[in-house]
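*Asks:* Handing you a structure now.
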Amino acid sequence: MQDKLKWNAVGLVKKTKLLKEYLEREKREKERQPAHQKGRTAPLSGYLTELDYILKQMEKIEKIVIPKLEQLFHLTFPTPELIMFALATKSIRNIFEDLNKHFGSDTNRPLNKEELAELASSGDAAVVLALIGDAVLDLAIVQTLWDSSLSKTGTLTKNREKVVSNENLALYCDKWGLYSCRLYRFQATKSKVTTKKTIDHEKGTLVESILGVIYLEFGLK
């Protein structure tokens, strides 16, 4: 059994920028070709829109979210990229998988299939971080609210439920500015139907993901 859980950084920001720069060059080259030789540039425009949006969200995380969390918890994240993983959604996978198909056997492609697969797994990483954060939050609450009196054991469960409820965690999500900085596929939001209950659940999961990062980086204390 490992003494400490750890993920290695994959260069999420740097590699996303490389992809965008490569696609911009590809689009310019196609636009310079004679009309009868031009390939379709619409897919390239779509990819660039998605990558540009993701990079803007990453910049917000770097400049706003991470400094705010570091100030709040009085710590410095050794691997800030984990915060980006924590705020990634499953829709991220589709972008990088589509790009993998787009590049195909292109020998000049900026990233190989394995690297794109790593980027595509960002959303999966967020799910795991939330799982860890949920577990560690429960343990931390028990440690904090523990009362040695057997007659008060029933209150522990009730107090725990108040703390871990999505409605309560959503308050922290808003305070930390997480929801507006999520990494997701821009197109995925157009047809999405949301209710307050659904949004509160998503916000609660984001807070759990952040707590998962803190546990990985610094332990339970």
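The values are calculated or read from the model by the stated rules, or taken from the named source; none is laboratory data. Source: prediction; values computed, not measured. Cβ placement follows ideal geometry from the backbone for every residue including glycine, while neighbour counts extend to all protein chains displayed.
*Asks:* Any residue at all in region 54-76 that is without any contact (Cβ under 8 Å) to a residue 40 or more places away in the chain and among the β-branched types (Val, Ile, Thr)? Can you show your working first?
*Replies:* Restricting attention to region 54-76, the residues satisfying the condition of being without any contact (Cβ under 8 Å) to a residue 40 or more places away in the chain are 56, 59, 63, 66-67, 70-71, 74, 76.
Within this subset, residues satisfying the condition of being among the β-branched types (Val, Ile, Thr) are 66, 76.
Yes, region 54-76 has at least one match.
*Asks:* Right, GLU161: free of Cβ contacts under 8 Å to residues at least 24 places away in the same chain, within 25 Å of GLU97 (Cβ to Cβ) and either surrounded by fewer than 14 Cβ atoms within 10 Å (Cβ to Cβ) or under 14 Å from the mean Cα position of the chain (by Cα) (or both) or not? Walk me through how you get there before you give the answer.
*Replies:* Values: free of Cβ contacts under 8 Å to residues at least 24 places away in the same chain: yes; within 25 Å of GLU97 (Cβ to Cβ): no; either surrounded by fewer than 14 Cβ atoms within 10 Å (Cβ to Cβ) or under 14 Å from the mean Cα position of the chain (by Cα) (or both): yes.
No: the conditions fail for GLU161.
*Asks:* Then there's this: Quickly run through region 184-203 and pick out the residues that are out of contact with any Cys (no Cβ under 7 Å at 6 or more places or on another chain) and either more than 26 Å from LEU48 (Cα to Cα) or at pLDDT 95 or above (or both).
*Replies:* Taking region 184-203 first, the residues out of contact with any Cys (no Cβ under 7 Å at 6 or more places or on another chain) are 184-202.
THR194, THR195, LYS196, LYS197, THR198, ILE199, ASP200, HIS201, GLU202, listed by residue number.
*Asks:* Given the criterion of a type in the set (Asp, Glu), assigned to a helix (DSSP H, G or I) and at pLDDT below 90, identify the matching residue among GLU115, GLU161, GLU167, GLU97. Explain how you work it out, then say what you get.
*Replies:* Working: GLU115 fails: at pLDDT below 90; GLU167 fails: at pLDDT below 90; GLU97 fails: at pLDDT below 90.
Step by step, each of GLU115, GLU161, GLU167, GLU97 is checked, and only GLU161 is of a type in the set (Asp, Glu), assigned to a helix (DSSP H, G or I) and at pLDDT below 90.
*Asks:* Within region 55-94, can you find the residues that are surrounded by 14 or more Cβ atoms within 10 Å (Cβ to Cβ), β-branched (Val, Ile, Thr) and in a loop (DSSP other than H, G, I, E, B)?
*Replies:* THR79, THR89
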